[in-house]
Amino acid sequence: MDHDWRLHYGAYPIRGRMKRRPVEAPAPYMNGISDEHQPATGSAACWPLVLYFHHVHPEILHYTALTPQEFERGLKRVLEEFDAYLPSGLIAEDGPHRPDRPTVLITFDDGYRDTVTYARPILDRLGIRAVFFVCTGLVGRRSQQPRQDYLTYAECDLLAADGHLIAAHTRTHPHLDEIPANEAREEALGSLADIDSRYGSGPTRLFAYPYGRIPGVPGLLPSDVLGFGTVRSPAEPWPASPHAIRRTYLPSGGAGAWDGLVDHWRTQWSSTAAAARPGWPPGAAAGAGTAWPDA
């Protein structure tokens, strides 16, 4: 039976107005998506909701590929409930910063060229800065097939100049859990070194696993690197699981369910924040956030 997206609502204030949000609603279940890839679980208590995309393109079919129109519509809907999280807070000297309000971090995986062609102007219009996890050994590889057409370093530099972060996603996008440990370390650490040589040490504190599969390889990542998974990772507080941070997504082909999904993420964030911090939300005005040591 299809999920009933009609939810029970209560009122709460957001950004100076009264808004209605779901309370005590069941987690939305997306038909046609395996349990392993269900997107309903959002962020850990008091940490940013992290969304990942692969493509923004008018023709590509992929579970995290949206058309430009869908991408802009989806981000606008998310921004009704979450403020944009600045990626610079991830790599600040006293970071990563823990927000004191619901925020969303936008990320892209693999480094496809359509992200600069289609996603970049939308991000700019909405005032969003994102993290682009690129496969450093594939940068500059061009193709007439958009699924094989990658950003050049000149295009990565353009994104970096806009205030986005360019970060590591291995060199060649292997299944890290299916290759020898020494090769997995070379893929991960090599990509971090490539990023460091061009963008400095800041972005080398960020890494995303191909396919969201996190191998049990000792020394795969330095201790100060944040490792981003996918929906395969549980929603744990970042200090408790810094190498397996959960990300979720707006499912392609499921735009009719996005309202319920975004409302669920917002309600989930509020309820987990209340459990993590008695008396939440704080009475003080929202500020820059709380740094890692207080987490």
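The values are calculated or read from the model by the stated rules, or taken from the named source; none is laboratory data. Since the model is a prediction, treat every value here as computed from it, not as a measurement. With ideal geometry, Cβ positions are generated from the backbone for all residues, glycine too; neighbour counts draw on all protein chains shown. Surface areas here come from the heavy atoms of the whole protein model, side chains and all, with no ligands, DNA or RNA. Shrake-Rupley method; radii C 1.70, N 1.55, O 1.52, S 1.80 Å.
Restricting attention to segment 115-126, the residues that are closer than 15 Å to A65 by Cα and open to solvent by 10 Å² or more (accessible area, probe 1.4 Å) total 4.
Figure legend. Inter-residue proximity from segment 60-71: first residues more than 16 Å from H37 (Cα to Cα), second residues part of a helix (DSSP H, G or I), beta-carbon distance below 7 Å, spacing 6+ or different chains. Indicated pairs: I60/P146; I60/R147; L66/G74; P68/Y118; P68/I122; E70/A255; F71/A119; F71/I122. Pairs linking a residue in segment 94-109 that is more than 26 Å from R171 (Cβ to Cβ) and hydrophobic (A, V, I, L, M, F, W, C) to a residue that is in a strand (DSSP E or B) and open to solvent by less than 10 Å² (accessible area, probe 1.4 Å), with Cβ atoms under 9 Å and 6 or more positions apart or on different chains, are V104/L49; V104/V50; V104/L51. Among the residues making up segment 199-229, those that are within 20 Å of the chain's Cα centre (by Cα) and among the aliphatic types (A, V, I, L, M) are L206, A208, I214, L221, V225, L226. Taking R129 as the residue in question, decide whether it is part of a loop (DSSP other than H, G, I, E, B), surrounded by fewer than 15 Cβ atoms within 10 Å (Cβ to Cβ) and not acidic (D, E). No; evaluated as a whole, the condition is false for this residue. Report, by residue number, each residue of segment 138-182 that is acidic (D, E), surrounded by 14 or more Cβ atoms within 10 Å (Cβ to Cβ) and over 26 Å from R125 (Cα atoms). Matches in segment 138-182: D177 only. Could you grab the pairs with beta carbons closer than 8 Å, sequence gap of 6+ or different chains, first residue in segment 151-162 and modelled with pLDDT of 95 or more, second one assigned to a helix (DSSP H, G or I) and of a type in the set (F, W, Y)? Matching pairs, first to second residue: A160/Y199. Within segment 254-264, the presence of at least one residue that is assigned to a loop (DSSP other than H, G, I, E, B) and modelled with pLDDT of 60 or more is confirmed.
A single entry from A84, A11, A45, A65 fulfils the requirement of being at pLDDT 95 or above, open to solvent by 20 Å² or more (accessible area, probe 1.4 Å) and among the small types (G, A, S): A84. Filter segment 195-219 for residues that are open to solvent by 40 Å² or more (accessible area, probe 1.4 Å) and assigned to a helix (DSSP H, G or I) and give the result. Across segment 195-219, the qualifying residues are D196, S197, R198, Y199, R205, Y211. Could you grab me the full set of residues in segment 220-253 that are open to solvent by less than 10 Å² (accessible area, probe 1.4 Å) and out of contact with any Lys or Arg (no Cβ under 9 Å at 6 or more places or on another chain)? Answer for segment 220-253, where residues must be open to solvent by less than 10 Å² (accessible area, probe 1.4 Å) and out of contact with any Lys or Arg (no Cβ under 9 Å at 6 or more places or on another chain): G227, I245, R247, T248, Y249, P251. All of (1) surrounded by fewer than 21 Cβ atoms within 10 Å (Cβ to Cβ); (2) modelled with pLDDT under 95 hold for R98 with one exception: (1).
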